[in-house]
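Encoded as structure tokens, the structure appears first; notes follow it.
The values are calculated or read from the model by the stated rules, or taken from the named source; none is laboratory data. Given the structure is predicted, the values throughout are model-derived calculations rather than measurements. Counting neighbours? That spans all protein chains shown, and the Cβs are built from the backbone with ideal geometry, glycine included.
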Amino acid sequence: MMDARTLAGQLIMVRLLGTELDIDTAEFLRANRVRAACLFRQNMLDATQLTRFTSDLRDVFGVEALIALDQEGGAVVRPTWVPAPPAAMALGAAGDPILARAVGAAVARAVRSLGFNWNFAPVLDLNNNPHNPVIAERSFGADPQRAAEIAMAWMEGSESEGVACCVKHFPGHGDTHVDSHRDLPTVDKPLAELEQFEFAPFRAAAPHAPAVMTAHIVYPALDPDYPATMSRPILTGILREQFGYQGVIVTDGMDMHAIAHRYGAGQAAVKALQAGADMVMAIGSRETQEETIAAIAAAIENGELPIEDVRAKLARLSSLASAHPSGRHDYAEESADHELMAQAWRRGLTALRDPQRPGPGSAVRLVARADVVSDGVSEAGVSAAKIAESLGQLYDVDLVTYVDAESFDWSALPQDGRFTILASTSRRRYGEHARTTWRPDLHIALWNPYQALDFAAPALMTYGFAPPALAAVKAWLAGEIEAAGTCPVPGFDSRP
């Protein structure tokens, strides 16, 4: 029988610093029998470095290694050199489950070739709040049945290539106006409404999903005291008992402010495991990881975490790892997958308010923000210079950048007859100043589609800023393709 500390180590997932596995970290992982890690962009340089890193982790973790990442598509990707998958909402706009399955399989092939066997995707949140600061285009749409259909096809594709998915964020992060990375959101809806909307995709996924990730959100109708991550009525009562879910439950990152700023790391981890989670994502500092392991071990020793429950958790984690063995695979399909992704981005391209193309060689003015930003979850957006370079292959482009949208004076732009294109390259919605004074001839929303509702201008929505998204915009401007996507959330058939 293992001691409590090594049992505890198997119930956490860690975050690592740097781009290689140093001796001290390897010793810490081995000593505590940790067998799961989530890697992020800062852990990645290129394919050679990353495959070496994941190989070293496998050597330490053993045959039941769980090596994870967030490769959702759109702005939420980690290795950025592999074929760039469209965001979930782009696939929702295309409305084709067959395409979604193919994309899910291609995503899995790419990450499996780098040594990953667990992908924290797809997102099952229904984005039914236009002011949601963190989900938006990460959602497949607002209709429960349609979103679940597209998401399940994506997951089926991933499973066919041997990579475990993890649907998230249960019981639903779509109708929030607060980012749980920064504070603790509340979704104050009656149970009947949650049953009809938020729960529906997760209920559909329950028989199929290898893993489910929890939401750091309070749902007063379900549990007025604790966020879902730490709520036994939600994780055990609803997900396990009502939905009959048998797979792995993993928490979202416990370093997020919604949890870390309210509970001690150890206390929160124990509470999450008592609630029904199988694995705690302890992705804070080494000190936080030590505190988490110590608290879980103490809870096992004193019976707060009964040994029978711990064994059941370990069995589910072992089953997940056994069904999706870790290890690098060759990637012979990479060229074909680049073309598949390009096609998928084109299929999702969506027009709003009948946008018109400037004629070839026209004089255009491109307005875009000066900096390249990330929201902390997503990769940083595309630069104004890169957009200007793409449009410059079709037009005479005058680039104008701004630092602060709320102080940028649109009326100061030269009145010289140039066709003015606004390119939006961040997730944040525009404020009152921009909404009431900016007058673009064409708005290209390259990230958050809801920004297209901030202006009365004709718009083109890509749901992301990856190179194939820019290529799709260029192809539309050149008249080579049409924007045939249908935005899968309400509000895009009317003016702001």
Please state which one of Ala31, Ala36, Ala47, Ala26 is of a type in the set (A, V, I, L, M) and in contact with a helix residue (DSSP H, G or I) (Cβ under 6 Å, 6 or more places away or on another chain). Ala26
List every residue pair whose Cβ atoms sit under 8 Å apart, with the two residues 6 or more apart in sequence or on different chains, where the first one lies in segment 262-285 and is closer than 15 Å to Val212 by Cβ and touching a residue at least 60 places away in the same chain (Cβ under 8 Å) and the second, anywhere, is part of a loop (DSSP other than H, G, I, E, B) and of a type in the set (D, E, K, R). Met281/Asp252
For segment 168-187, does any single residue satisfy the condition of being at pLDDT 95 or above and assigned by TED's automatic domain parsing to the domain that holds Ile67? yes
Filtered residues of segment 123-159 (kept if in contact with a Lys or Arg (Cβ under 8 Å, 6 or more places away or on another chain), under 21 Å from Leu99 (Cβ atoms) and not aromatic (Phe, Trp, Tyr)): Val123, Leu124, Asp125, Asn127, Ala136, Ala153, Glu156, Gly157
First in segment 394-417 and part of a helix (DSSP H, G or I), second anywhere and surrounded by 10 or more Cβ atoms within 10 Å (Cβ to Cβ) and at pLDDT 95 or above, Cβ under 6 Å, 6 or more apart: Trp410/Thr437; Trp410/Trp438
Would you check if there is a residue in segment 482-489 being touching a helix residue (DSSP H, G or I) at 6+ places or on another chain (Cβ under 9 Å) and of a type in the set (S, T, N, Q)? yes
Please specify each residue of segment 432-457 satisfying the condition of being in a helix (DSSP H, G or I) and either out of contact with any strand residue (DSSP E or B) (no Cβ under 7 Å at 6 or more places or on another chain) or among the basic types (Lys, Arg) (or both). Glu432, His433, Ala434, Arg435, Thr436, Thr437, Tyr450, Leu453, Asp454
Here the residues within segment 337-354 that are surrounded by fewer than 19 Cβ atoms within 10 Å (Cβ to Cβ) and assigned to a loop (DSSP other than H, G, I, E, B) are Arg353, Asp354
Check on Ser318, farther than 29 Å from Glu406 by Cα, in contact (Cβ under 8 Å) with a residue 60 or more places away in the chain and among the polar types (S, T, N, Q): yes
Qualifying position, being within 30 Å of Ala4 (Cα to Cα) and surrounded by fewer than 20 Cβ atoms within 10 Å (Cβ to Cβ), among Gly431, Gly327, Gly392, Gly359: Gly327
If the requirement is being at pLDDT below 95, closer than 22 Å to Ala4 by Cβ, of a type in the set (A, V, I, L, M, F, W, C) and in contact with a helix residue (DSSP H, G or I) (Cβ under 6 Å, 6 or more places away or on another chain), which of these qualifies: Ala275, Ala265? Ala265
Of the residues Thr425, Thr436, only one is among the hydroxyl-bearing types (Ser, Thr, Tyr) and free of Cβ contacts under 8 Å to residues at least 24 places away in the same chain; which? Thr436
Which residue out of Phe455, Phe419 is crowded, with 22+ Cβ neighbours inside 10 Å, of a type in the set (Phe, Trp, Tyr) and touching a Leu at 6+ places or on another chain (Cβ under 8 Å)? Phe455
Could you please let me know if Ala211 is in contact with a helix residue (DSSP H, G or I) (Cβ under 7 Å, 6 or more places away or on another chain), in contact (Cβ under 8 Å) with a residue 60 or more places away in the chain and under 29 Å from Gly162 (Cα atoms)? yes
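Residue-by-condition table, conditions (1) farther than 16 Å from Val377 by Cα; (2) of a type in the set (A, V, I, L, M); (3) touching a residue at least 12 places away in the same chain (Cβ under 8 Å); (4) surrounded by fewer than 24 Cβ atoms within 10 Å (Cβ to Cβ):
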position: Arg35; (1), (2), (3), (4): yes, no, yes, no
position: Thr51; (1), (2), (3), (4): yes, no, yes, yes
position: Val63; (1), (2), (3), (4): yes, yes, yes, yes
position: Ile67; (1), (2), (3), (4): yes, yes, yes, no
position: Gln71; (1), (2), (3), (4): no, no, yes, yes
